[in-house]
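To start, the structure under review is shown below, and the notes come after it.
The values are calculated or read from the model by the stated rules, or taken from the named source; none is laboratory data. This structure is a prediction, so every number in the text was calculated from the model and none was measured. Counting neighbours? That spans all protein chains shown, and the Cβs are built from the backbone with ideal geometry, glycine included. The protein model used for the area step is the full one, side chains on, heavy atoms only, and it has no ligands, DNA or RNA in it. Shrake-Rupley method; radii C 1.70, N 1.55, O 1.52, S 1.80 Å.
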Amino acid sequence: MIEINPLVIFFASIFTNNMILSNFLGMCSFIAVSSEIKTSLSLGQAVTFVLATTSVLNYLVYHLILVPLGLEYLRFIVFIIVIAAFVQLVEMIIERYFESLYYSLGIFLPLITVNCAILGVSLFMIIRDYDLIQSFAFGVGSGLGWTLAIVAMAGIRKKIMGAKIPKGLEGAGITLIITGIMALAFLGFSGIVQIQ
Amino acid sequence: MKEVMRVVKAGIYKDNPVFRQILGICSSLAVTNLLTNSFVMGVGLMFVTAFSSFTVSLIRVFTPKHIRMMVQTLIISAYVIMLDIFLKAYFPSMSKALGPYVGLIITNCIIMGRAEAFAQNNKPFISFIDGLMMGVGYTIVLMAVAFVRELLGFGSLFGIQILGDGWVNWTLMIMPPGAFFMIGIVIWASSRLFPKEDQEKGGAKV
């Protein structure tokens, strides 16, 4: 285990090692959903929640089941199944007990299973050899960082709605260029904390 | 034969997964700072897309409709695991350099997208070609981005120094923002080079 303070990991994964801006994870839903602040905030919440729980779940599954059995190479399949099963479970629970939450969050949950950021966090945490608390901090931090980026992007996209954009760049093109500029801005944080 | 040609064209430019469908950029922009890395990533993706499309198509008659997503995911994961073990065994340094991004091929939307949109309704052979060609189209874009990034960022191509000592490396190019700018420019350029024939296919962005 590497000794890094979980708090350092938490802040690093929000600002300096942001999932979207430095690891390119979760781009698909980032581009597709970032057109409205309210929806992107809901999606961000859902992603943060799922990230926080699946990082812990996958940590436990990996270290308590896969490692003792020597089945580490199966981790891709197992992680995907854990994530998909968990998302399904959460969807059923909130549909049954928290109806209002279901209408604001529910539709995004199936989208999350295929969000690269979720699987990415689980894989990164194994490669970097985090312990349980570090993994949890990493999961929550990554989720918040992702939310921050998508909400900021939704705000910017709203502002440029009336702007004159070259025809070929409309939609995804301009979003990627803005993301580039945003990533550039986030590089300014890189002196504060650093992991890896 | 005609159908094969149509699929080949679709994969390489007409429906190119990256600049036309905006799919699968999530897991792979990170490897485009070196040509060698993106080449390996591209070939790996070609392998996984081709064979998972083939398998999905082979068992499409037996797969119950409502659990097909799960079945597809499992098929894709199986091929990705093969790829991962292969890279670890024969190219350990490459496997280290690509890190978690090999595993992230599973969530690459291209593969799932092709399985769902093409392999589910077509014969195995043509699905295989379709998957392969989508992989080729993807690799071409990846290599184009990596070409510019490595040349400007390191002054080299495939690790061989091209630009002389007088060249000052553009550090920006090898950092994440460089990738975003480059892919944006590729999308822009491609929309000028291959203008859309039928506007708004819709539903392509996932």
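Remarks
- Among the residues making up the stretch B:144-184, a single one is assigned to a helix (DSSP H, G or I), surrounded by fewer than 17 Cβ atoms within 10 Å (Cβ to Cβ) and touching a Leu at 6+ places or on another chain (Cβ under 7 Å): B:PHE147.
- Residues that are facing chain B (nearest Cβ under 8 Å) and in a helix (DSSP H, G or I) were ranked within the stretch A:148-174; the one that is most open to solvent (accessible area, probe 1.4 Å) is A:LYS167.
- B:GLY24 vs. criteria open to solvent by less than 60 Å² (accessible area, probe 1.4 Å) and either more than 28 Å from B:PHE154 (Cβ to Cβ) or assigned to a helix (DSSP H, G or I) (or both): no
- Filter result for B:ALA50 (in a helix (DSSP H, G or I), among the small types (Gly, Ala, Ser) and either farther than 22 Å from B:VAL136 by Cβ or modelled with pLDDT under 85 (or both)): no
- Inside the stretch B:84-109, residues that are buried (at least 18 other Cβ atoms within 10 Å of the Cβ), at the interface with chain A (Cβ under 10 Å from one of its Cβ atoms), of a type in the set (A, V, I, L, M) and not in a loop (DSSP other than H, G, I, E, B) make up a count of 3.
- Inclusion of B:VAL80 among residues that are touching a residue at least 24 places away in the same chain (Cβ under 8 Å), within 21 Å of B:ASN33 (Cα to Cα) and surrounded by 22 or more Cβ atoms within 10 Å (Cβ to Cβ) is not warranted.
- Failed criterion for A:ALA85 (all others in (1) among the small types (Gly, Ala, Ser); (2) open to solvent by less than 30 Å² (accessible area, probe 1.4 Å); (3) within 14 Å of chain B (Cβ to nearest Cβ) hold): (2)
- A search for C-beta distances below 7 Å between a residue of the stretch B:43-72 that is within 13 Å of chain A (Cβ to nearest Cβ) and open to solvent by less than 40 Å² (accessible area, probe 1.4 Å) and any residue that is hydroxyl-bearing (Ser, Thr, Tyr) and outside any helix (DSSP H, G or I), counting only pairs 6+ apart in sequence or on different chains, returns B:VAL71/B:THR63.
- Criterion violated by A:ARG128 - all others in (1) open to solvent by 40 Å² or more (accessible area, probe 1.4 Å); (2) closer than 29 Å to B:ILE106 by Cβ; (3) more than 13 Å from the chain's Cα centre (by Cα) satisfied: (1)
- Checking each residue in the stretch A:1-42 for being closer than 17 Å to A:GLY171 by Cβ and among the charged types (D, E, K, R) picks out only A:GLU36.
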